[in-house]
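As C-alpha cells, the structure follows; a few thoughts come after it.
None of the figures in this text is laboratory data; all of them are computed from the coordinates on show. Computed from a predicted model, the values in this text were never measured in an experiment. All Cβ positions, glycine included, derive from the backbone under ideal geometry; neighbour counts span all protein chains shown.
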Amino acid sequence: MRGRFITFEGPEGGGKSTHVQALSEWLKSQGKTVVVTREPGGTRLAELIRGLVRDEMDDPPVTRCEVLLFLAARAQVVSQVIRPALARGDWVVCDRFSDSTFAYQGYGRGIDVQLLKNFNDFVTEGLMPDMTILLDVPPEVSRERLAARQAATSAAGDRIETAGEMFHRRLREGFFELAHAEPKRFVVIDAAQPIERVSAAVQTAVRRLLA
Ligand code: T5A
C-alpha cells in the first residue's frame, strides 16, 4: 500500500522544523516508518540548490531564475526520495513543498500562480500531499522568533527572510487562499500558540490519516 505524504507550510518561524521532527517521532511511536525531508533540499544536489537560493550574493537570482531553482530542487527530491519512500509504504513528512512556491513566488513575488502550478505539475508529475498542515503566524510573531534565533546563533537572516513587510503579508494571504481553495487537503493551525498546543493540534489532524 502506498505510504502517506504530509507537508508543513507557512511563513518563516511558524515552527515547521520543530513540528516536522515532533510529528515524525510521534508517527514512529505509532509504528510507522517515517522519512523526513525538506524543501529546498533532501538530496545532495537539492541541498546545493538550497545554498544558492538562500545565500546573500552580489548577483542574486532574478525571480524567474529563483522559480526554476526551487522547481529543479523539487524534481530531485520527488524522484529520488519522496516517490520511492511512498512506493515502499513509508510515511513522508516534508518541511515545505509546492505550496511554498505558489505562496512565495506567486503571491509574494507576483508570478502568475496558474503558470507556477503548470510548471510544478511537470516537476512533481502530479504528486500531491495527502495532508498539508499550514502553521500560521502573523509577521510580527515570525519576526520575533527569527530575531531571537538570530541573536542566539549570531546567524543573519537569509535573502528571503529579510524581504519586506508587504512581501510577508502577501505570502501569508496567499497561504490562506491556497488553504481556502482546498479545504480537504489543508489543516490550518494557529502556530502562535505554545508549542505543546500546536503539537496536539497536529496530532489530532494526522490521526485522520492513521484511521
Ligand atoms: N521557499 C521555499 C520559497 O521561496 N519557495 C519554495 O518553493 C520553497 C520550497 C526556506 C526558504 O525558502 C523559501 C521559503 C523560506 O524563506 P528555511 O530555512 O527552510 O528556508 O525556512 P523556513 O522553512 O521558514 O524555516 P525556519 O527555520 O525559518 O522556520 P520554521 O521551520 O517554521 O520554524 P522553527 O521550527 O525553526 O522555529 C523557529 C523558532 O521558533 C521557535 C523555535 O524553537 C525556533 O527557535 N518556536 C516557537 N516558539 C514559541 N512558540 C511556538 N509555538 C514555537 N514554535 C517554534
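Based only on Cα atoms, what mean projected area does the convex hull of the chain have, in nm²?
Convex hull of Cα atoms, orientation-averaged projection: 11.5 nm².
Sort Glu66, Glu47 so that the residue with the fewest other Cβ atoms within 10 Å of its own Cβ comes first and the one with the most comes last.
Ascending Cβ contact count within 10 Å gives the list Glu47, Glu66.
Let me confirm the definition first: pairs of Lys residues in the chain, 8 or more apart or on different chains, C-alpha distance under 22 Å. How many are there?
Total qualifying Lys-Lys pairs in the chain comes to 4.
Kindly provide log₁₀ I(q)/I(0) values, in the same order as q = 0.24 Å⁻¹, from the Debye equation applied to equal alpha-carbon scatterers of the stretch 6-66.
-1.08
Name the chymotrypsin sites (Phe, Trp or Tyr not before Pro) in the stretch 82-175 that are in a loop by DSSP and that have at most 11 other C-beta atoms within 10 Å, would you?
Loop-located and lightly packed - none at all.
About the Cα centre, and with charges only on the beta carbon of Lys, Arg (+1) and Asp, Glu (-1), how big is the dipole of the chain? Nearest 20 debye, please.
With only Lys, Arg, Asp and Glu charged at Cβ, the dipole is about 800 debye.
Only Cα pairs under 8 Å and at least 6 apart count here; give the relative contact order of the chain as a rounded whole percent.
Normalised by residue count, the contact order of the chain is 32 percent.
For Ser17 and Met1, compute 0.36 nm times the residue count separating them, minus their Cα-Cα distance, and round to one decimal in nm.
Stretched fully, the Ser17-Met1 segment lengthens by 3.0 nm.
If each DSSP helix of 4+ residues adds -39,500 (n - 2.57) and the sum is divided by the residues in the chain, what number results at 222 nm, nearest 500 deg cm²/dmol?
-16000 deg cm²/dmol
Starting from the 7 Å offset along Cα-to-Cβ, what nm value, one decimal, do you get for the label separation of Asp55 and Glu173?
3.5 nm
Please give the FRET efficiency for Ser29 paired with Arg208, using the beta carbon to beta carbon distance and R0 = 25 Å, rounded to the nearest 0.05.
So, using R0 = 25 Å, E works out to roughly 0.90.
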